[in-house]
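The values are calculated or read from the model by the stated rules, or taken from the named source; none is laboratory data. Treat the numbers as computed from the prediction; the structure is a model and nothing was measured. Using ideal geometry, Cβ is built from the backbone for each residue, glycine included, and neighbour counts are taken over all protein chains shown.
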Amino acid sequence: MRASLMDIPVIKSRNRVNRKRIGIGALVCVVIVGLVFAVWPSSARMHLADIHMVRATRGGAQLPVAAYGTMTSRSQKLLVSPALAVVEEIVAPAGTVVEKGARIVQLASPQAVQELAQAKMGVQKGELDLQDALLTHRMDYISGMGKLRVADLDASLETHQRDVMKPLAESGIISKIEMLRQEAKLSTLELQAENQRSTIGLTRDLDLSKVKAKQDALIQAKLLLTQAQANVDALTVRAAIAGPVQEVFVSLGQSVAQGEKLAQVADAENLVASLNVPQSHASVLAIGAPATLSLMGRELSGHVIRVDPKVRDGAVLVDVAPDKALPPGVRVAQSVSGEIQTSSDADTIFLPKTASMSPYNRATVFVLREGGLVPQSVQFGAASATQIEVVSGLSGGEDVTAELPQALLTEKYIKVEK
């Protein structure tokens, strides 16, 4: 009885060893079975006629490129300060829809107001100077003509006196000396009258030249007044087009220099979609390419009208104009998405699109190789209704299927029988 009790620990130790051996043996069997199934050829088979095969092709695909952006105006007007001034009033803040000619910003410029006052004084002085020159011309003319009439009258009287004395001198009643004196007096008066006529002509020309100078000065003063008035009027900055005020760049009381930006107004009647396209697709973008816009829950057709030559933040800005009128309520800066149809380059791989192929997803397709189908992981890119881009996984020329029964999707090899 004692011997039996002493043998119990030995028996338990042997049982534990046996259990370990049985576990190791079972694990080895599982590994062997797994290896056998892994290397043993699959028994899956399909007839070629039952498989929907498509061929991977290189180049020539018409694929859409997804893009996102905002609605912008094709016509925008930047309003700038006409002079050194201070912002007195912001009449139309950003977002305000204004009519053409509406007040946007009111500026104040003491210098412009002072120049206007000086210009008005200049015009008043010019008008007075012109009136004075005209009055002087009239007075000189009247005075000169009066002197001429007196000289002509004196000469006429002396001529009559000479005519009376001439027969008396011939009769010897009057001496020849007296007659010569009369002739000399008459000649002097006639010379004075002629000199007066010359003086009248010279004075008239001089006065008219002075009048012309005053007229020119008045015209110049009026031009300065017009410009000064325009400078003051320009302090009321108005919208050049009708549309929303996109942005106001200044604040109340701010001093602005001549030419400094004040505000920007967009033409709300001429909107386009400005879309950001990844730079990797820049080479296949073309003017006139068809596009589809998604806006306010609607699909709108359009076409590319401009491709920015520069890359910004890894994207190229593309402007798409809608082919038809936009829905009511579309505003500048409203979000929009779209797809632009592009022609792929010669290195792009694409497949005819089937129902199970989703753009921009990774999937497993089966490639026909050496009489059977083998799985191949691929990365899809952009897709159209009939084609889908293969970013990686295929090199072109392969016959591929993605339409297999669910039970065969885990197979490593499917034999294809003709």
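Just a few scattered comments:
- Among the residues making up segment 382-418, those that are assigned to a strand (DSSP E or B), touching a strand residue (DSSP E or B) at 6+ places or on another chain (Cβ under 6 Å) and within 23 Å of Pro278 (Cα to Cα) are Ala382, Gln387, Ile388, Glu389, Val390, Val391, Ser392.
- Neighbours by Cβ (under 6 Å, 6+ apart or cross-chain): first from segment 337-362, closer than 14 Å to Arg58 by Cβ and at pLDDT below 90; second in a strand (DSSP E or B) and acidic (Asp, Glu): Phe350/Glu389
- Only one of the numbered conditions (1) outside any helix (DSSP H, G or I); (2) within 54 Å of the chain's Cα centre (by Cα) is violated by Leu130, and that is (1).
- Residues that are part of a loop (DSSP other than H, G, I, E, B), more than 14 Å from Ala240 (Cα to Cα) and of a type outside the set (S, T, N, Q), drawn from segment 83-110: Ala83, Leu84, Val91, Pro93, Ala94, Gly95
- Hey, Leu206 under 20 Å from Ser143 (Cβ atoms), surrounded by fewer than 14 Cβ atoms within 10 Å (Cβ to Cβ) and either aliphatic (A, V, I, L, M) or touching a Cys at 6+ places or on another chain (Cβ under 7 Å) (or both) or not: yes
Yes or no, residue by residue, for (1) at pLDDT below 90; (2) out of contact with any Asp or Glu (no Cβ under 6 Å at 6 or more places or on another chain); (3) not hydrophobic (A, V, I, L, M, F, W, C):
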site: Val164; (1), (2), (3): yes, yes, no
site: Ser175; (1), (2), (3): yes, yes, yes
site: Glu178; (1), (2), (3): yes, yes, yes
site: Ala184; (1), (2), (3): no, yes, no
site: Gly201; (1), (2), (3): no, yes, yes
site: Asp207; (1), (2), (3): no, no, yes
site: Lys212; (1), (2), (3): no, yes, yes
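- Breaking point among (1) part of a strand (DSSP E or B); (2) under 24 Å from Leu317 (Cα atoms), for Tyr360: (1)
- Number of residues in segment 80-97 that are surrounded by 20 or more Cβ atoms within 10 Å (Cβ to Cβ) and under 24 Å from the mean Cα position of the chain (by Cα): the value is 4.
Here is a yes/no grid of residues against (1) under 30 Å from Thr401 (Cβ atoms); (2) free of Cβ contacts under 8 Å to residues at least 60 places away in the same chain; (3) of a type in the set (Lys, Arg):
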{"position": "Asp50", "(1), (2), (3)": "yes, yes, no"}
{"position": "Ala61", "(1), (2), (3)": "yes, no, no"}
{"position": "Gly69", "(1), (2), (3)": "no, no, no"}
{"position": "Gln76", "(1), (2), (3)": "no, no, no"}
{"position": "Val86", "(1), (2), (3)": "no, no, no"}
{"position": "Gln111", "(1), (2), (3)": "no, yes, no"}
{"position": "Val123", "(1), (2), (3)": "no, no, no"}
{"position": "Gln131", "(1), (2), (3)": "no, yes, no"}
{"position": "Met139", "(1), (2), (3)": "no, yes, no"}
